[in-house]
1. Output the number of residues of the stretch A:85-95 satisfying the condition of being more than 7 Å from every other protein chain (Cβ to nearest Cβ) and within 12 Å of the chain's Cα centre (by Cα).
2. Please go through the stretch A:39-74 and give me each residue that is among the acidic types (D, E) and closer than 15 Å to B:V24 by Cβ, ordered by number.
3. Name every residue in the stretch B:59-83 that is assigned to a strand (DSSP E or B), more than 8 Å from chain A (Cβ to nearest Cβ) and over 12 Å from the mean Cα position of the chain (by Cα), in order of residue number.
4. Tally the residues that are farther than 19 Å from B:W6 by Cβ, hydrophobic (A, V, I, L, M, F, W, C) and out of contact with any helix residue (DSSP H, G or I) (no Cβ under 8 Å at 6 or more places or on another chain), restricting the search to the stretch B:25-73.
5. Applying the selection to the stretch B:63-84, what residues are touching a Ser or Thr at 6+ places or on another chain (Cβ under 8 Å) and in contact (Cβ under 8 Å) with a residue 24 or more places away in the chain?
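Nothing in this text is a laboratory measurement; each read-out follows from the coordinates by a stated rule. These figures come from a predicted structure and were not determined experimentally. Every residue, glycine as well, gets a Cβ built from its backbone with ideal geometry; the counts of neighbours run over all protein chains shown.
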2 protein chains.
Amino acid sequence: MIEIRWNENGLVPAIVQDARSGAVLMLAYMNAEALRLTWETGEVYFWSRSRKELWHKGATSGNVQRVREVLIDCDADTILLKVDPAGPACHTGETSCFYRTLNDE
Amino acid sequence: MIEIRWNENGLVPAIVQDARSGAVLMLAYMNAEALRLTWETGEVYFWSRSRKELWHKGATSGNVQRVREVLIDCDADTILLKVDPAGPACHTGETSCFYRTLNDE
């Protein structure tokens, strides 16, 4: 296993990408426990910074994300998850959380 | 313009994706000045957290990243840049910084 460089809060950003379409779906944060659960169960877990608790993505909505591949970048401080999503990634119902351009509104 | 939610250090993570291939190339951080320069010049700038200075991606290597689209996520705390890269994103020479799986080594 590659040793992860956790940030000052013990977290690492994790990018979620649709393994099939290549769409970038969302970015959230993992602590060591979220990464362990993701690795062991094959479904994505994060650490919710607002709620300060583990967050099993899709546990309530049903839109879980099945993990195909866990990649890490050259300096080991960012994770890229390639997943098969069971439904939209975004709480708004959009497929991806990145549905707006910066100059919208 | 959508108002960005900068983190406690005045930064926002920016995911860089190849506009053509869909490959996720890298993740780095922007401050307001890096975002302004990216927006105005059409080439990607970051804030280097290690060197504590603005970083024009590719300025020395020639591997600049031309911006096609600047997207922002639903809670406005992550940026997704779709780019045309002039060469490899990674300092190792790999196309993407995400060239390893977590269980490598």
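1. Residues meeting the conditions: 2.
2. Of everything in the stretch A:39-74, those that are among the acidic types (D, E) and closer than 15 Å to B:V24 by Cβ turn out to be A:E69, A:D73.
3. Result: B:R68, single match.
4. Summing the residues that are farther than 19 Å from B:W6 by Cβ, hydrophobic (A, V, I, L, M, F, W, C) and out of contact with any helix residue (DSSP H, G or I) (no Cβ under 8 Å at 6 or more places or on another chain) in the stretch B:25-73 gives 4.
5. B:V67, B:E69, B:V70, B:I72, B:L81
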